[in-house]
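Every number in this text was worked out from the coordinates using simple rules, so none of it is lab data. Since the model is a prediction, treat every value here as computed from it, not as a measurement. Positions of Cβ are backbone-derived with ideal geometry, glycine not excepted, and every protein chain shown enters the neighbour counts.
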């Protein structure tokens, strides 16, 4: 039994270690990436148990993903090693100090071959939270059906369903995303979306978010980056300002926010405290490099209260 089961795709990640275009790079750092994997690592670092379910190729990159997740305390017994498809790849560059650009090689790779039969339903039913994202929905029809099936299994078992829009314009069009993400959001108990992703709900974004919240029967959490976060829940509409940090790498900050918010949810905190925790974990991640390497542990969050330049002796 895990506190969290996250289902989705993980990729090998190649990053330019310096600011500049990939075309000018002479060496690349190698790591892993994937929103659902990030959230599962974030959970583990915050002291909660987590599991990750997805497909990886039977190649060096696939085994690197599983090795990394295991090393971070994530249960990968539900992962499928695909003998037919290769592990997906992602390339990341920091084109400027405040801009990150990513390129994917995902369609037709192992993660997009995910299907309902891959899922360990007992693992889902015995968890406390299921976390899925719109990224997996964009990969293929079988991956989409796997996510839908997982959400239905979780709902039938009384497991909290967490769903992050995570719209990726390189994977599908706004019209395609809206047609799929909108209806599936109705199956979730907690919905996360960046404020630039609310178009999925309709033209009157805040009004449509209120409708999705269904008079507080569903939590809708809007991530606003440097402007904090807003939640719509049984406690009404709440806003939490962002912590002031020097943003180094925004990739992974949204996943850190989700991990912090959901951990606070399991800790029994109220919506205001959940927002505060999410903003703290997101701010810490934004101030560090790496997709998952930036994710905080609980004692890391204490560092945010110190002024810049502080020396701890």
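Key figures
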item: Interatomic Cα distance distribution for region 217-274, bins of 5 angstrom, percent; result: 4, 17, 28, 28, 14, 7, 2, 0
item: Percent of C-alpha pairs per 10 Å bin, the chain, short to long; result: 6, 28, 38, 22, 5, 0
item: Fraction of beta bridges assigned by DSSP in the chain that are antiparallel (%, nearest 5); result: 40
item: Reduced Cα scattering model of region 172-308, Debye log10 I(q)/I(0), q = 0.17 Å⁻¹; result: -0.91
item: Span per principal axis, largest first, for the Cα atoms of region 83-223 (Å); result: 42, 37, 26
item: Relative exposure of 275, 289, 184, judged by other C-beta atoms within 10 Å (fewest first); result: 289, 184, 275
item: DSSP beta bridge pairing in region 1-130, given as percent antiparallel to the nearest 5; result: 45
item: GNM top mover of 209, 25, 247 - the chain, alpha-carbon springs below 10 Å; result: 25
item: At 0.890 mPa s and 25 °C, Stokes D of region 93-140 from Kirkwood alpha-carbon radius, µm² per second; result: 179
item: Neighbour-count ranking [beta-carbon atoms within 10 angstrom, fewest first] of 262, 201, 77; result: 77, 201, 262
item: Proxy reagent accessibility, fewest Cβ within 10 Å first, across 265, 85, 63, 18; result: 18, 63, 85, 265
item: Sequence-separation-based contact order of the chain, relative, with Cα cut under 8 Å and 6+ spacing, percent; result: 15
item: Packing-based ranking, highest mean first, of 232-244, 276-288, 26-38 given that Cβ atoms within 10 Å are counted; result: 276-288, 26-38, 232-244
item: Pairwise centroid distance, computed over Cα atoms, of region 225-242 with region 101-178, Å; result: 25
item: Region 35-153: Cα Rg divided by the 2.2 N^0.38 Å rule of thumb; result: 1.08
item: Gained length - residue 226 relative to residue 99, 0.36 nm times residue gap less alpha-carbon distance; result: 44.3 nm
